[in-house]
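Visitor: Here it is, the structure, as structure tokens.
Just so it is clear, none of the values below were taken in a lab; they were calculated from the coordinates. From a predicted model like this one, the values you see are computed outputs, not experimental measurements. Here the Cβ positions follow ideal geometry from the backbone for every residue, glycine too, while neighbour counts run over all protein chains shown.
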Amino acid sequence: MWARHAAANFWRITKRGLSASLLEHIYEKPEQTCIVCGRGPSLDDALQNHKDKFLKYPVIACLSSLPALIANGIRPLYVVAYDAKIDAIKHIGNMDTSQMSLIATTTIHPLLVSSWRGPVFFFNQYHKGYEFFEVVLPALYRRFPSYWNAGCVVNISVVFAVDVMKFSRAYLIGVEYPLDNKRPYISVNYECDEDGTWEREETVGNKVSKEMIEAHTRYREVLIAWTRKFELPVVNCSPYASFKDDMPFKEFAEI
């Protein structure tokens, strides 16, 4: 799938794609703070009760959080896309993306590349020990940088925020690692009608699969280890996250 998408994207990316290296160090200034948004339950709480915070700081959003943000009048500075599956396209629906910038891997699903109307910054994802990612992809897309694959789109968004763009601080919201079945889980979906009206629908009681819990546990461990090793300025504001004791925490209302 990765190789197929890289080949299918070649013409579009080489014609209109911008290099993600253009984003390096552009926010390396004192007190340049941003918000990184995942799609966990705390994002909806924050949008309902503290929308002003999203207007105070630049927002870097994973693609799945985009409908919730746009429906609440928040336009992210950057949207990060990583998933090669076709499901990625459902997050933009019929919304106008012409005024938003996308950061995407060169192996992203081709439909997302062709559907996005705003600027797109591309990068190669790097997997140590995999010839396709170490050798083939950098040879195919030579003018795009290779960045570490941190396991999931939220972690990669954090990589871009503090390691690539050099924000002095990143507040995480909607980053619940791992999700579990210990409490009622409310899934909130936003759908945009043809007339541009957003509908908000809640589904209560969805069960999280064992595989998803295991995957989120790995993402959690990667994020904690990476931020600790490099002493990165990441502050968790997601109250439902299981790593509250492993990373600096601050209530979102207080940022």
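Visitor: When a/c reaches 1.5 or more, the comparison of a/b and b/c decides; with that in mind, is the chain rounded, prolate or oblate per its Cα gyration tensor? Mind dumping the intermediate values first?
Guide: Numbers: a/c = 1.40, a/b = 1.22, b/c = 1.14.
Rounded is the answer for the chain, as its axis ratio a/c remains below 1.5.
Visitor: Which value at 222 nm does the chain reach when only helices count, each DSSP H run of 4 or more adding -39,500 (n - 2.57), with the total divided by all residues and rounded to the nearest 500 deg cm²/dmol? Working shown, then result.
Guide: Numbers: 9 runs with 71 residues, N = 255.
About -7500 deg cm²/dmol.
Visitor: Next question. Between the range 134-166 and the range 1-26, what's the alpha-carbon centroid distance in Å?
Guide: One Cα centre to the other: 11 Å.
Visitor: Still on this structure: Under a 5 Å amide H to amide H cut-off, with H placed in plane at 1.01 Å, what residues pair with Ser242 once short-range neighbours are removed?
Guide: The answer is Tyr177.
Visitor: Next up: Taking +1 at the Cβ of each Lys and Arg and -1 at the Cβ of each Asp and Glu, which of Ser64, Val153, Gln48 sits farthest along the dipole of the range 2-254 towards its positive end, judged by Cα position relative to the Cα centre?
Guide: Positive-most Cα among the choices belongs to Val153.
Visitor: Moving to a separate point now. Before anything else, pin down the relative contact order of the chain: Cα pairs under 8 Å, at least 6 apart, normalised by residue count, whole percent. List each step's numbers first, then the result.
Guide: Working: 470 pairs, mean separation 60.4, N = 255.
Taking the mean separation of contacting Cα pairs over the length of the chain, I get 24 percent.
Visitor: Order of Tyr82, Tyr27 from fewest to most other C-beta atoms within 10 Å?
Guide: Numbers: Tyr82 22, Tyr27 18.
By the 10 Å Cβ count, ascending, the order reads Tyr27, Tyr82.
Visitor: Kindly put Phe144, Phe167 in sequence by how many other C-beta atoms sit within 10 Å of each C-beta, fewest to most. Can you show the working numbers first?
Guide: Working: Phe144 22, Phe167 27.
In order of increasing Cβ crowding within 10 Å: Phe144, Phe167.
Visitor: List the residues, sorted by chain then number, that are 5 or more residues from Arg117 or on another chain and whose placed amide H is less than 5 Å from its amide H.
Guide: Here the answer is Thr97, Ser98, since their amide H atoms fall under 5 Å of that of Arg117.
Visitor: In which sequence would His5, His127 go, from the one with the fewest C-beta neighbours within 10 Å to the one with the most? Before the final figure, lay out each step's value.
Guide: Values: His5 20, His127 15.
Ordered from fewest to most neighbouring Cβ atoms within 10 Å, His5, His127 come out as His127, His5.
Visitor: Using +1 on the beta carbon of Lys and Arg, -1 on that of Asp and Glu, and nothing else charged, what's the dipole of the range 2-254 about the Cα centre, debye to 20? Let's see the in-between values first.
Guide: Numbers: 29 positive and 29 negative charges, 153 e Å.
That gives the range 2-254 a dipole magnitude of about 740 debye.
Visitor: Taking amide H positions as placed in the peptide plane 1.01 Å from N, state which residues far from Val80 in sequence (5 or more) or on other chains have amide H under 5 Å from it.
Guide: The list, which skips near neighbours in sequence, is Ala61, Cys62, Leu63, Ile103.
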